[in-house]
Structures are given as structure tokens and as C-alpha cells.
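Accompanying notes for the structure given below.
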């Protein structure tokens, strides 16, 4: 059971990093990869799952607040981008500063949950895979 705690920490860090709260799970991923003795595919799956679910929580937040509140400037810009480019732009959901607003904007625009989940997961997984490959 003790070996699972660092993986839960990675999952939590990845989840929080994908919300509007600041965070960086890449450092923990790198540490566990180089010092923790974990299988890289396990680390990739845990980090990607946490980050994708965090992104979808931002999508859900956007969907819920769209009814009662006007978008803030950062979200407004993301809404404009997604309106022009569509759900494939969610592949960029991993990019710092713009990724979280893109997820919120996707919910705001009522982009269907399945395409949002797929694009968010693919983008975030590719980012973590790159981190692991560089190490």
C-alpha cells in the first residue's frame, strides 16, 4: 500500500494542475520516473488520467456557470478561439495559461463531453509522454 501513495500524489497533483488553480505535476512525474522506480506507462496513465479529469472538471464548471454569468476576459478569448477552431483546439489544453480557460470555454460553448474528453486526454497525455521521453 505504501508504494501507491506517490501515485495518488501524482494523480492529485495532475488533477489540480488541470484546474484554474496553479500547479505543476511535471516535476513530480519527473521525480517519480527518475527516483521512484515506477513503470513509465503507469506514471503516464496516472498523470494523464488525473490531468484529463481535472480538465473535464473545468469543462463542467464552464458548462454550469454559462447559464448565469458572463464570461471573464480570459475565458472570452478562449471562447472566441474555440468558436472558430472547434473542439480539436482542446488538444492545446495542456499549454500553460491558455489550457485551463480553453477547457472552461469548451463547457461554456456546450461542446459535447465525449469529444472534449478525447481531445483533452490526447493533448495532456502527449505532453506527459514528452516529459517522460526527455528524461
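Bear in mind that the values in this text are calculations on the coordinates, not laboratory data. Since we're looking at a predicted model, the values are computed, not measured. Please note: Cβ atoms are built from the backbone with ideal geometry, for glycine as well, and neighbour counts cover all protein chains shown.
Computed values, structure above
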read-out: Qualifying residues in segment 84-108 (those that are in contact (Cβ under 8 Å) with a residue 40 or more places away in the chain and part of a loop (DSSP other than H, G, I, E, B)) - the one surrounded by the most Cβ atoms within 10 Å (Cβ to Cβ); value: 93
read-out: Yes/no for residue 12 being within 11 Å of the chain's Cα centre (by Cα) and either closer than 22 Å to residue 118 by Cβ or surrounded by fewer than 18 Cβ atoms within 10 Å (Cβ to Cβ) (or both); value: no
read-out: Pair list, Cβ < 7 Å and 6+ apart or interchain, from segment 15-26 residues that are touching a residue at least 12 places away in the same chain (Cβ under 8 Å) and at negative phi to residues that are part of a loop (DSSP other than H, G, I, E, B) and surrounded by fewer than 16 Cβ atoms within 10 Å (Cβ to Cβ); value: 17/24
read-out: Top-ranked residue in segment 35-75 [being outside any helix (DSSP H, G or I) and out of contact with any helix residue (DSSP H, G or I) (no Cβ under 7 Å at 6 or more places or on another chain); ranked as nearest to residue 122 (Cα to Cα)]; value: 39
read-out: Matching residues, segment 37-74, being surrounded by fewer than 17 Cβ atoms within 10 Å (Cβ to Cβ) and in contact (Cβ under 8 Å) with a residue 60 or more places away in the chain; value: 40
